[in-house]
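Report on one structure; see the data block that follows.
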Amino acid sequence: MINTLYGLDLLGSSRALFLALLIGFAFGFALERAGFSSSRRLAGVFYFTDMAVVKVMFSALITAMLGLSYMVGLGWMRLDQVFLMPTIYGAQAVGGLLFGVGFVMGAWCPGTAVAGLAAGRIDALVFLLGAIGGSILFNELFLVIRSLYTAGDQGVQMIYTTVGMSRNWFILAFTLVAVAAFWLSEWAEKLRTGCAPYLGSPFLRAFSLALVTLAVGLFVLTPAATRASAKPADTALATAVDEKSLMEIVEKAQDHIEPEELADRLMAGKPNLVVVDVRPAAEFNAFHIRGALNVPLAQLAEVLQPYMNKGLIVLYSNGMTHPAQARDSLQRQGFGNVYMLTDGLQGFRDRCLKPVSLRPEPLTTVNAVRVNAWRAFFAAPAVTGKVGLAAVPLNAAMPRVVETDWLAARLGTPGLKVIDLRPQPEYNAAHIPGSLSLNIESFRGNIGGVPSMLLPPVMLAAQFSLLGLRQSDTVVLVSGDKLHDPALAGMAFARLGHMDYAVMNGGYAKWAEEGRGANAALPAVTESTFPVKKNADDFTVDFRTVAAILGAPGAVIIDVRPADFYTGKKSDEARAGHIPGAINRAFTEDVITSSNKVVTFKPTDTLAAAYRQVIPSTNTEIIVHCRTGHQASQTFFVLKRLLGYPNVRWYDAGWTEWAARSELPIVNETPDSIKGK
Amino acid sequence: MITETDILHTGPKPYANPYLAGVLLGLVLLASFVILGAGLGASGGIARIGASLSMCVSAPHTLGSEYFGKWGANPLNYYLVFMFIGAFVGALLSALSANRVRIQVERGAASPVSRRLWYALAGGVIVGFASRLAQGCTSGQALSGGALLLTGSLVFLVCLFAGGFATAWFVRRQWHD
């Protein structure tokens, strides 16, 4: 399966820029070969004298469309690996009409004008200068036309869905239209100029036939490919089945998954696969299939609700009775995607994990290799707490973000404190053994009339003392599904000069998903005396500092709120909009949320590339803010601790204060008609 | 003595078969989808040059503006800008190898140079503006989005030809011989 640079979120990387340069080279070459370096030739299409635009453009469009459809049909790539532009009816209809007017006047479009410029056309140069001016004009007029820019926004919309056809039928129809357009173009040229070398030529016949054949071929390809990859994950079992069909499924053993298949899927790291161990916790802790979740039968439906009819759920126990009953019960409750492991855990051990040498019957070489691979993957010593306490020391150069593996290997080490920031009911139900519960809001309060401010050092130190924290401790902060919670807690540690803290990537959701140990016991805490450091905080700024750098060259203010709040479309503050000159990068853009609510930071390279686009240099003075300082703490963490920008500061009071101080300037050009309240 | 071969060597070579040139362009587009995960684009590069000029005039104004502001302080650090540069070099190589480079204003023989250049300038301004509004041009919307079968891109394509044909008669004089 091909991963594109867009799919990997690396379109901003230097590799992508270099590849874009090469693709651009081929693009320009093809345009010039086609004769698109001549404005007269381009304009000809509108006077029916030279139809090259239609011929080249539709040949290219159909070629790429068929090529991509084959790539997808053969299972080599998925369409979600390609950036799909949203459909915005108003903007694209008006934009298209205007573009057509400009195209026929200038007789160039942006791409062809580049080719024309390369071929020495002065009118192409003038056109390009005009287009640069037109882009600037658009930016200057943006506030006036913003409503048109988003008018009729449908999100990503495929044409075959819009017109109610199947994809393959639409492709065939579109190909036929293109072929007809080729023949009509030739015919029009013959009428207008008396010369049409391709009209009725063997070449055009063969070309037309080839395109149509390829379009028809998709009908043969697609169902086969779907069948191959659909079993059993995507088999569309009816959501609500009656008892009869349930019995039929049981009879045909369609409710089973074989151990070998499960092992292969787990090893391949297939997404959307949830393996559930329904045995008691003690048995689970002794041994379980790697990656399995431990869920008591009574809570199955509740816990599995997010995965209902999404991907594949596999239940197992020692034998098959409990999973079978549970599976049928879930199916009655509307789960169409639950399977049980044939022969249970015992079968998995016997068929997948039993060493080749102990097997009664000899194995083929291929199967022996498979078994050894499974054993290496599943039978490796489980990484659990308390294992290798002394072997894996806490090192001085601790990463800013630690993975679950890192924590699991060190759990129980003296001096390692894990702080769980999830809501109390979730903590009470199950948490990482020994972790301390903390409500992040207890670090904030009203200071000088501004709500939700990080508390002063003396108050934070008092809380740290109650938690039994010491200066020598290494602290790992664990959240549920919000990385800005540990980031905000990190601001409290930084305020007291305690930099030996890390955020656990993926939080408790990832820990639980990986089936790592958890319990509900409260840790033993001895109260400590955490020293009050008053001058460690050199990163929090107030509105005066922000106001002073407004418009200062080189300084960057980053507003990390969601775009709608930045633009002023939405507001729940005194005034809507943003600080003049502030740029918008929502904090959510720095993280990836998986389908099962596991939130992780994007790869550091990706983040670095993204921020290089926004921040001119390493030493740029940066101020981050949001509404209350919470979301901005995450961006602060990313910039300062992950990417190492030295001059990052945090405007804690944020938009709450700025909006309420009417003497401070703001930018809000959202038309009154769509202003949120 | 001038032979026919000499004439062939000094005159521009004819353009490629438009259908095969189209297939080549389509394969380049396919490569862009597969490697970059995004289609071809030209107006994006132009707009970012505009944003960078705007930054030169007033960085705070540009960074604070709603549209260009989100591209940050280095608008040129973007894949479409590199694609734009690559396209120029690729076209130059093709034009040189086919002996098609001519410094000239392309126009009808009976039309003054000034008319053609004014039309090119006005057309450029409109196209630059419209590309931003529609979030793409003939390359990014009509061709790339069309090949992806996106509804909005095909709406753009149809409207483009409608706008062009509706205007063609009024601007025809630049091509009069």
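Any read-out appearing in this document is the output of simple, stated calculations on the displayed coordinates, not a laboratory observation. The structure displayed is predicted, hence computed values, not measured ones. Note that we place each Cβ from the backbone using ideal geometry, even for glycine, and neighbour counts take in every protein chain shown.
Amide H of A:Ile623 versus every other amide H placed in the peptide plane: which residues, excluding those fewer than 5 positions away on the same chain, fall under 5 Å?
A:Val556, A:Ile557, A:Ile558, A:Arg649
What is the diffusion coefficient of segment A:295-348 in µm²/s, taking the Kirkwood radius over Cα pairs and the Stokes-Einstein relation at 4 °C with a viscosity of 1.567 mPa s?
Here the translational diffusion coefficient equals 117 µm²/s.
What whole-number distance in Å separates the alpha-carbon centres of segment A:406-436 and segment A:326-378?
32 Å
Between helix B:79-97 and chain B, what is the angle of the helix's C-alpha long axis to the longest principal axis, kept within 0 to 90° and rounded to the nearest 10?
10 degrees
Calculate the translational D of segment A:92-193 in whole µm² s⁻¹ from Stokes-Einstein, where the hydrodynamic radius comes from the Kirkwood formula applied to all Cα pairs, the temperature is 20 °C and the viscosity 1.002 mPa s. Numbers along the way, then the final one.
On the way: Rh = 17.3 Å.
Calculated translational D: 124 µm²/s.
Can you give me the pair-distance distribution of chain B, C-alpha pairs, 10 Å bins, whole percents?
Calculated over all Cα pairs of chain B, the distribution is 8, 24, 35, 24, 7, 2, 0 percent.
Which three extents, in angstrom, do the Cα atoms of segment A:599-667 have along their principal axes, listed largest first?
Reported extents, whole Å, longest axis first: 40, 28, 19.
With viscosity set to 0.692 mPa s at 37 °C, what whole-number translational diffusion coefficient in µm²/s follows for segment A:541-677 from Stokes-Einstein and a Kirkwood radius over Cα pairs?
214 µm²/s
Send over the semi-axes of segment A:482-589's equivalent ellipsoid, whole angstrom and largest first, taken as the square roots of 5 times the C-alpha gyration tensor eigenvalues.
The three semi-axes for segment A:482-589 are 34, 23, 12 Å.
What whole-number value in cubic angstrom gives the convex hull volume per residue for the C-alpha atoms of segment A:281-378?
Hull volume normalised by residue count: 120 Å³.
Checking the table A:Lys310/A:Lys354; A:Lys310/A:Lys602; A:Lys310/A:Lys597; A:Lys417/A:Lys640; A:Lys569/A:Lys597 against a 20 Å threshold on Cα-Cα, which pairs fail?
Among A:Lys310/A:Lys354; A:Lys310/A:Lys602; A:Lys310/A:Lys597; A:Lys417/A:Lys640; A:Lys569/A:Lys597, the Cα-Cα distance tops 20 Å for A:Lys310/A:Lys354; A:Lys310/A:Lys602; A:Lys417/A:Lys640; A:Lys569/A:Lys597.
At a 10 angstrom cut-off on C-beta neighbours, averaged per residue, how do the peptides B:89-101, A:359-371 rank from highest to lowest? Mind showing how you got there, number by number?
Numbers: B:89-101: 19.8, A:359-371: 11.1.
The packing order, highest mean first, is B:89-101, A:359-371.
Using a 10 Å cut-off around each Cβ of peptide A:46-58, what is the average number of partner chain Cβ atoms that fall inside?
5
Calculate the spin-label point distance for A:Phe287 paired with B:Leu53, positioning each point 7 Å from the Cα along the beta-carbon direction, and give it in nanometres.
Placing both labels 7 Å beyond Cα along the Cβ direction yields 7.2 nm.
Quick one: net charge around A:Glu426, please, counting Lys, Arg +1 and Asp, Glu -1 for every other residue with C-beta under 14 Å from its C-beta.
In short, -1.
Taking the highest mean first, how do the peptides B:38-47, A:655-664 order by number of other beta carbon atoms within 10 angstrom per residue?
B:38-47, A:655-664
Could you work out how far apart the two model spin labels at A:Thr593 and A:Arg359 are, taking each label as a point 7 Å from the Cα in the direction of the beta carbon, and quote it in nm?
It is 4.5 nm.
Which of the three applies to segment A:1-126, rounded, prolate or oblate, going by the alpha-carbon gyration tensor with a ≥ b ≥ c and a/c under 1.5 meaning rounded?
Numbers: a/c = 1.84, a/b = 1.61, b/c = 1.15.
Prolate is the answer for segment A:1-126, as a/c is 1.5 or above and a/b outweighs b/c.
In Å³ and rounded to a whole number, note down the convex hull volume per residue for the Cα atoms of the protein assembly as shown. Spell out each step's value before the answer.
Numbers: hull volume 186.3 nm³, N = 854.
Value for the protein assembly as shown: 218 Å³ per residue.
Run the numbers for A:Phe203 and A:Ser617: contour at 0.36 nm per residue of separation, minus the present Cα-Cα distance, in nm. Don't skip to the end; give the middle numbers.
Numbers: separation 414, 0.36 × 414 = 149.04 nm, distance 5.64 nm.
Contour length minus the Cα-Cα distance gives 143.4 nm.
By average Cβ neighbour count within 10 Å, what is the ranking of B:74-84, A:623-633, A:106-116 from highest down?
A:106-116, A:623-633, B:74-84
Calculate for chain A the 222 nm mean residue ellipticity that helices alone would give, adding -39,500 (n - 2.57) per DSSP H run of length 4 or more and normalising by residue count, nearest 500 deg cm²/dmol.
Dividing the helical sum by the residues of chain A leaves -13500 deg cm²/dmol.
Under a crude label model (7 Å from the Cα following the beta-carbon direction), how far is A:Met308 from A:Thr526 in nanometres?
Distance between the two pseudo-spin positions: 5.0 nm.
Just tell me, in residue order, which DSSP H segments of chain A are both 24 angstrom or longer along the helix axis (alpha-carbon based) and at least 0.0 in mean Kyte-Doolittle hydropathy. The partial results should precede the final answer.
Details: long enough: A:14-33 (29 Å, 1.39); A:52-73 (31 Å, 1.74); A:89-106 (25 Å, 1.34); A:122-149 (36 Å, 1.64); A:167-193 (38 Å, 0.64); A:202-230 (42 Å, 1.38).
Passing helices, by number: A:14-33, A:52-73, A:89-106, A:122-149, A:167-193, A:202-230.
If you take each beta carbon of peptide A:64-75 and count the beta carbons of other chains within 10 angstrom, what is the mean?
That average works out to 4.
What's the average, rounded to a whole number, of partner chain beta-carbon atoms within 10 Å of each residue's beta-carbon in A:339-352?
Averaged over the peptide's residues, the number is 0.
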